[in-house]
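Q: This structure is in structure tokens; I'll ask about it shortly.
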Amino acid sequence: MKLNTVSTKLIALGLFATAATAVNAAEQKEEQVNYGSPTAIYTSGGVSLADGHVQGNFNIGAGQHMFFADVGHKKTANPATGKSEHNIDYRARYFFLTESGKAGLSIESLGDNFSNTTMAGGLLAFNLTDAISIYPMAYVGKQTNKYAVTLEDGTSFKDSNVANVGLYAMYAFEAGHWLYANPRAMYVQEAKETVPQLEAGLGYMVRDNMSVGLRVTTVGATKISQKDTAVAAQFSVYF
């Protein structure tokens, strides 16, 4: 009789452990992050390679907070002399995600040897289906230039208020891969000009903690920008 009681208890404990493991596995699956989402919180390091451009990418995520730091190098023409020079570009960004996960606020500073743009703003998250999400976003800030930007009418400016609006659309695969498109436009007040941009790309998870990707960025031709298309390959490791 005691043996039967012990066996029953062992069976009950075994069933409980199995159920707990199943629940834990389900919770872990639900908590899996798609690294293509602009509201994802994670820590990673990586590199982006484009034509003549090398950039290191570093992200630190904790709770509802995300910190980004990108530093790159490319030889570009000096706006004043036209001569090719070594140019260091950078981007620093802080992102805060609300508890609901449906909105985020951020401040960022990006630029290079010749200009800097600092902006603050936010985004909203809408899940249209389990796989398709869209994120409208808007930012305002200040652009400063080392050299004056001369317009067609002969006027020039160094500093200007700017506003940036865009829409990030993403398709997430169950295996963690993603496709995205991010059309956006920046209005430069002093130039009274809007610069259109389109970024599109994909990410492929080669391992649970490793991805490769491709990014294509196109800038439209305006009186303050030249038409340009850049293709970059990306590699990231997640911690």
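Q: Which whole-number percentage describes the relative contact order of the chain, with Cα contacts under 8 Å and a sequence gap of 6 or more? Let's see the in-between values first.
A: Details: 544 pairs, mean separation 32.5, N = 239.
The normalised contact order for the chain reaches 14 percent.
Q: I would also like to ask the following. In a Debye calculation with equal point scatterers on the alpha-carbon sites of the chain and no solvent, what is log10 I(q)/I(0) at q = 0.17 Å⁻¹?
A: -1.42
Q: Treat each spin label as a single point 7 Å out from the Cα along the C-beta direction, and report the Val71 to Tyr94 distance in nm.
A: Going by the 7 Å Cα→Cβ label model, 2.0 nm.
Q: Let me ask something else about it. Quick one: if you take sqrt(5λ) for each eigenvalue of the C-alpha gyration tensor of the range 151-222, what semi-axes come out, biggest first, whole angstrom?
A: They are 36, 11, 10 Å, listed largest first.
Q: How long is the gain from Val47 to Ala221 if the chain were fully straight, where each residue apart is worth 0.36 nm and the alpha carbon distance is subtracted?
A: Extending this stretch completely gives an extra 59.8 nm.
Q: Continuing with the same structure: Within a Cβ distance under 9 Å of Val71, other residues only, what is the Lys/Arg minus Asp/Glu net charge?
A: Taking every Cβ under 9 Å from that of Val71, the sum is -1.
Q: Another question, if that's okay. Grab the Cα-Cα distance for Leu128 and Asn161, subtract it from 0.36 nm times how many residues apart they are, and report the gain in nm with one decimal. Let's see the in-between values first.
A: Working: separation 33, 0.36 × 33 = 11.88 nm, distance 3.38 nm.
This chain segment gains 8.5 nm when fully extended.
Q: Can you compute the modelled spin-label distance between Thr81 and Val237, with each label point 7 Å from Cα toward Cβ, in nm?
A: 3.9 nm
Q: Run down the aspartates and glutamates and flag those whose C-alpha is under 16 Å from the C-alpha of Lys74, throwing out any fewer than 8 positions away in its chain.
A: Correct list for Lys74: Asp51, Glu85, Asp89, Asp112, Asp228.
Q: Going through the cross-link list Lys192/Lys223; Lys158/Lys223; Lys75/Lys146; Lys83/Lys192, which pairs have a Cα-Cα distance over 19 Å in this structure?
A: Listed pairs above 19 Å: Lys83/Lys192.
Q: Residue farthest toward the positive end of the dipole of the chain, with Cβ of Lys/Arg at +1 and Asp/Glu at -1: which of Gln55, Val206, Gly36?
A: Value computed over the given set: Val206.
Computed from the coordinates by the stated procedures, all read-outs in this text should not be read as laboratory data. Model, not experiment: these values are computed from the prediction. Positions of Cβ are backbone-derived with ideal geometry, glycine not excepted, and every protein chain shown enters the neighbour counts.
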